[in-house]
Amino acid sequence: MWASPLLWLFVLLLAARSQHEDGLIDEVNSLLVQGDSETAQRILQKLSRSPWADQQADGGLELVRALSGAQTAAQHAQGDAEPPDFSRYAVPLMIRTAFERGDFQAVHRLSELAKQRDLGFVQLVSAAARIEAGEPALSVASDFDPNLSGTLSRRLAHHLATPEEQGGVLLRDRFGQPIGTTDGEALHLDEDIRYELVPRAVVDAVANHRTVGSLRLTLDLELSEAAFEAFGRYRGSIVLVDPHTGHVLAAVSDRRTWRRGGTPAFEQMREPASIAKLITTTATLRAGLQPDLELGRMRCRGHERYAGKFLYCPTIVGRLRGLDRALATSCNVAFANLGVRVGRQAMLKELGRYGFGPSSNPLAGGRILQSWGDDRQLADLSIGLEATAVTPLHAALIAAVMAANGVMPEPTLLAAEDGRLGLHPRLLPPAPGRQVIEPHWVPEMVDAMRAVVRRGTAQRVWPPSSFPVAMKTGTASDPRYGFHVNYIGIGPMPEARLAFCVRVTNQPTSAKVRYAAQQVTHRLLRNLGAIAERRGWADEAPYDELELYQRLDRLASRDLSQPATQSGLERAKRLAARR
């Protein structure tokens, strides 16, 4: 009569132990997916003594050996009646996560085990790991099925189709799309990549990174194409920069300008013209003056004498009323007066803060062509004529200051070192920027730049609602090259992701160059607006680094037919938290 309760107690104890051991097997599976073979081995060696879980423990120990490459204390002897049990282990997922970690030898060992035991061999990942480990393409090609679909398959097919004798550093855009190679002397781009979209300066930029599998450039090919298409029949250069990292997202020139050689977007020096009025404004703030009050007391008659010589304005503005109106109408006299008021040394120091002068970064820096002279020369210095020169890239960086809380980022063309297939980006940390202006000055500056678009010299750009911007325009001429403009800005507002410069050149009159610049800038902003809508920028979508990792996580999930892990996303979140 007491046997029945004791029997039930014994059954319950057995069930509890079985449940406990099942939980340990699940824990081991999770540890192996994460790559923690050491902890998994300790648990499995205890489970191998269990009469109920020994086969599953033996299967786990085989996976430990494959994952770590080390011998374990308990190995299943050949000829045993009961073979190891792998049914509780997600072997394809282990292979995938090992590939994500860059442990290509583990991928190879796990793949061999999976083939032997029929555990869900993942052909694409195995072939990819062999490529990433440095195996010659020819030895992998025979095992690769070109009929398989998916991003990973396309990456493999592209790599296997690339002649190995081409050599050089493999180049990709920021999202991993293949661009071509560089051998240290020239670019060799893929057939479907326009040469105008990839700055020749890339050759020098990759000089210190020639031993990696491939390099991710900061270039965004979609944005670059949008910028290139904006030129139409006009000449010039366009630069797009991430104001928070200094990543050069696009640096393009029209075909005729590009054919002249070099990288015009980084090298072509022209007068900054009225975009320098932003610098004069912050020099005024630094001097302890209020530009709004100073300008509110002024009237524009269309001209003014400085050291006995006339300086003219494009129009007669009349009463200026404040900074917004003065900047929107781009009154030369107003900002020349501010420059004379704060003095030459203050203006020169402010220009230096914005990068005019010697620079250790070959991509950055403008020039002060003449630092001395009378008040007429100081007036020119204050409105960006005659005395200074700037590249399109540098002009975009001036705009970036207004989107980055007063910091000018250090420009770069390199985003990450990567594997041969572009699936293992290791982000290169951006160089720290320089605090150029006080953060609390930025809202006043941005409000004035938005007035330029709403009712000023950029009004006819008609920016689309999907890409609202704040801008400053500048027009100048050179006897050798004709008239040019620099249109700089940030957008989409209010949380700007891009800083830009549109430079249009080689026009015979100021009216024609302004019309051309309005057309080019309008097309650019229309194209950017369409991209912003597709990417969800207005919905506080993550920055590009986070988007990059999310894309990789989705890519791996599709190609391996397994649920996406959180590894890529968590890595990206940690990155975003450090920003």
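The values are calculated or read from the model by the stated rules, or taken from the named source; none is laboratory data. Computed from a prediction, not measured in an experiment: that's the story for all the values here. A quick note on method: Cβ atoms are made from the backbone with ideal geometry, for glycine too, and the neighbour counts reach across all protein chains shown. SASA here: full protein model, heavy atoms, side chains in, ligands and nucleic acids out. Shrake-Rupley method; radii C 1.70, N 1.55, O 1.52, S 1.80 Å.
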(request) Hey, can you tell me all the residues within region 254-276 that are in a helix (DSSP H, G or I) and in contact with a strand residue (DSSP E or B) (Cβ under 7 Å, 6 or more places away or on another chain)? (result) 256, 257, 264, 265, 266, 273, 274, 275, 276
(message) Out of everything in region 180-215 that is surrounded by 13 or more Cβ atoms within 10 Å (Cβ to Cβ) and of a type in the set (Asp, Glu), what residue ends up being farthest from residue 251 (Cα to Cα)?
(response) 183
(message) Could you tell me how many of the residues in region 361-375 are open to solvent by 70 Å² or more (accessible area, probe 1.4 Å) and either among the basic types (Lys, Arg) or farther than 18 Å from residue 276 by Cβ (or both)?
(response) 2
(message) Residues to consider are 403, 399; find the one that is buried (at least 16 other Cβ atoms within 10 Å of the Cβ), in contact with a Pro (Cβ under 6 Å, 6 or more places away or on another chain) and at pLDDT 95 or above.
(response) 403
(request) Check 78, 71 and return the single one that is modelled with pLDDT under 85, more than 27 Å from residue 127 (Cβ to Cβ), outside any helix (DSSP H, G or I) and in contact with a helix residue (DSSP H, G or I) (Cβ under 9 Å, 6 or more places away or on another chain). (result) 71
(request) Tell me which residues, restricted to region 314-326, are assigned to a loop (DSSP other than H, G, I, E, B) and either within 22 Å of residue 353 (Cβ to Cβ) or not polar (S, T, N, Q) (or both). (result) 314, 316, 317, 320, 321, 322
(request) Filter region 356-370 for residues that are touching a residue at least 24 places away in the same chain (Cβ under 8 Å) and more than 20 Å from residue 262 (Cβ to Cβ) and give the result. (result) 356
(message) Yes or no: region 476-483 includes at least one residue that is under 16 Å from residue 238 (Cβ atoms) and crowded, with 18+ Cβ neighbours inside 10 Å.
(response) no
(message) What's the number of the only condition in (1) within 19 Å of residue 520 (Cα to Cα); (2) exposed (fewer than 14 other Cβ atoms within 10 Å of the Cβ); (3) not basic (Lys, Arg) that residue 461 fails to meet?
(response) (2)
(request) Test residue 251 against the stated conditions and say whether it is assigned to a helix (DSSP H, G or I), among the small types (Gly, Ala, Ser), at pLDDT 95 or above and under 22 Å from residue 527 (Cα atoms). (result) no
(message) When you scan region 287-302, do you find a residue that is assigned to a strand (DSSP E or B), over 17 Å from residue 472 (Cα atoms) and of a type in the set (Lys, Arg), even just one?
(response) yes
(request) Just one of (1) part of a helix (DSSP H, G or I); (2) within 22 Å of residue 281 (Cβ to Cβ) trips up residue 527, so point out which. (result) (2)
(request) Take region 104-134 and flag every residue that is assigned to a helix (DSSP H, G or I) and open to solvent by 30 Å² or more (accessible area, probe 1.4 Å). (result) 104, 105, 108, 109, 112, 115, 116, 117, 123, 130
(request) Note down all Cβ pairs under 9 Å where the first residue falls in region 301-318 and is under 17 Å from residue 374 (Cα atoms), the second is of a type in the set (Phe, Trp, Tyr) and open to solvent by less than 100 Å² (accessible area, probe 1.4 Å), and they're at least six residues apart or on different chains. (result) 304/310
(request) Pick out the one residue from 503, 497 that is touching a residue at least 24 places away in the same chain (Cβ under 8 Å), within 15 Å of residue 234 (Cβ to Cβ) and either surrounded by 18 or more Cβ atoms within 10 Å (Cβ to Cβ) or in contact with a Phe, Trp or Tyr (Cβ under 6 Å, 6 or more places away or on another chain) (or both). (result) 503
(request) For residue 410, indicate whether it is in a loop (DSSP other than H, G, I, E, B), open to solvent by 10 Å² or more (accessible area, probe 1.4 Å), among the charged types (D, E, K, R) and touching an Asp or Glu at 6+ places or on another chain (Cβ under 9 Å). (result) no
(message) Among the numbered criteria (1) within 27 Å of residue 302 (Cβ to Cβ); (2) open to solvent by less than 10 Å² (accessible area, probe 1.4 Å); (3) not in a helix (DSSP H, G or I), which one does residue 416 miss?
(response) (1)
(request) Working only within region 447-472, note down all residues that are basic (Lys, Arg) and under 13 Å from residue 324 (Cβ atoms). (result) 450, 454, 455, 472
(message) Between a residue in region 25-51 that is open to solvent by 20 Å² or more (accessible area, probe 1.4 Å) and any residue that is of a type in the set (Asp, Glu) and assigned to a loop (DSSP other than H, G, I, E, B), which pairs come within a Cβ distance under 7 Å, given they are 6 or more apart or on different chains?
(response) 35/103
(request) Identify the single condition in (1) touching a helix residue (DSSP H, G or I) at 6+ places or on another chain (Cβ under 9 Å); (2) open to solvent by 40 Å² or more (accessible area, probe 1.4 Å) that residue 431 does not satisfy, given that it satisfies every other one. (result) (1)
(request) Report yes if residue 313 is open to solvent by less than 10 Å² (accessible area, probe 1.4 Å) and touching a strand residue (DSSP E or B) at 6+ places or on another chain (Cβ under 7 Å), otherwise no. (result) no
(request) Could you grab me the full set of residues in region 379-391 that are open to solvent by less than 10 Å² (accessible area, probe 1.4 Å) and closer than 15 Å to residue 310 by Cβ? (result) 379, 383
(request) Give the residue that is modelled with the highest pLDDT, with candidates limited to residues of region 138-179 that are open to solvent by 70 Å² or more (accessible area, probe 1.4 Å) and small (Gly, Ala, Ser). (result) 161
(message) Yes or no: region 217-229 includes at least one residue that is assigned to a loop (DSSP other than H, G, I, E, B) and polar (S, T, N, Q).
(response) yes
(message) Conditions first: (1) part of a strand (DSSP E or B); (2) aliphatic (A, V, I, L, M); (3) closer than 30 Å to residue 361 by Cβ. Residue 311 passes all but one, so which condition is the exception?
(response) (3)
(message) Among the numbered criteria (1) modelled with pLDDT under 80; (2) in a helix (DSSP H, G or I); (3) closer than 29 Å to residue 247 by Cβ, which one does residue 204 miss?
(response) (1)
